Every structure is written in structure tokens, then in C-alpha cells.
1. Mind giving me the nanometre distance, one decimal, between the label points for His27 and Leu10, set 7 Å out from Cα along Cα→Cβ?
2. Please find the FRET efficiency linking Leu34 to Glu89, where r is the Cβ-Cβ separation and R0 is fixed at 41 Å, and quote it to the nearest 0.05.
3. Placing unit charges on C-beta atoms (Lys and Arg positive, Asp and Glu negative, everything else neutral), compute the dipole magnitude of region 52-104 about its Cα centre in debye, rounded to 20.
4. In Å², what does the accessible area per residue of region 52-104 work out to with a 1.4 Å probe?
5. Heavy atoms of the protein only, probe of 1.4 Å, neighbouring chains included. What is the accessible area of Trp77 in Å², nearest 10?
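The values are calculated or read from the model by the stated rules, or taken from the named source; none is laboratory data. Small disclaimer: the values here were computed from a predicted structure and weren't measured. Cβ coordinates were reconstructed from backbone atoms using ideal geometry, including for glycine residues, and neighbour counts include every protein chain displayed. Areas reflect the complete protein model, heavy atoms only, side chains present, ligands, DNA and RNA absent. Shrake-Rupley method; radii C 1.70, N 1.55, O 1.52, S 1.80 Å.
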Amino acid sequence: SYEIELSAHLKSRGIHNVFHASLLRIHEPNDDRLFPGRMDTQVIISDEEAMADLEWAVDKIISHKGKGRNSTFEVVWKAGDHTWLPYHEISHLATLKTYLDALGV
């Protein structure tokens with residue numbers, strides 16, 4: 001395993017600083033034509049206050065899998081990340097109601 005030095009910003013986002021050697025690869029710069037929006041200047045927010053506001057704010061829900069309370073929803077965060085969360089973790093969000101209303105549920 002290798003331990004790398006991370007910036008305070010990456011540490012605050014929960015990035016772990018120890019990686020197994022099999023996960024390490026030679027760095028290849030991003031091709032913005034193939035993967036737009038993934039350049040480090042587009043992802044990393046340098047203003048700490050802006051980062052705090054965006055870190056845990058949900059922008060929208062764009063998809064789901066499953067039925068009823070067993071559903072899992074694809075959440076887009078204001079920071080730009082996409083994650084899948086179970087219903088019980090987002091059932092209190094107004095964004096969920098907006099998503100379900102758009103589906104006619």
C-alpha cells in the first residue's frame with residue numbers, strides 16, 4: 001500500500017490517502033472532448049465557503065431503480081457528483097417530491 005499526501009480540500013471530501021499498489025496507474029491527462037467537465041480546474045472548488053454550501057446540497061434526482069420503499073435514486077449534487085441513494089436516505093427531501101411529481105407518482 002502507498003500513502004499519498006492530499007490537500008485539505010480532498011481530505012474534507014472524505015478521500016482516503018492510502019491506496020493498494022494494484023490501484024495505482026501512470027497518470028494520463030484528461031481528454032476534455034471524451035470526458036467533458038472532469039478537468040481538475042472544473043471539479044475542485046477553491047473557495048472554502050462555496051465548497052461548504054455545495055458539498056451536501058442536492059441539485060436534482062434524475063433516475064431511479066426498483067419500486068416503492070426499496071427504490072434507489074440517482075442524485076446529482078450541486079458539487080457535480082452523482083450517487084445512488086436508497087429511498088430511506090432521501091425520503092425527507094423536497095427534491096424527491098419534485099422528482100416523483102414529474103413522473104406523475
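1. Those two pseudo-labels are separated by 0.9 nm.
2. On the way: r = 32 Å, r/R0 = 0.79.
Here the calculated transfer efficiency is 0.80.
3. Numbers: 6 positive and 7 negative charges, 67 e Å.
So the dipole magnitude of region 52-104 works out to roughly 320 debye.
4. Numbers: 3580 Å² over 53 residues.
Value for region 52-104: 68 Å² per residue.
5. 40 Å²
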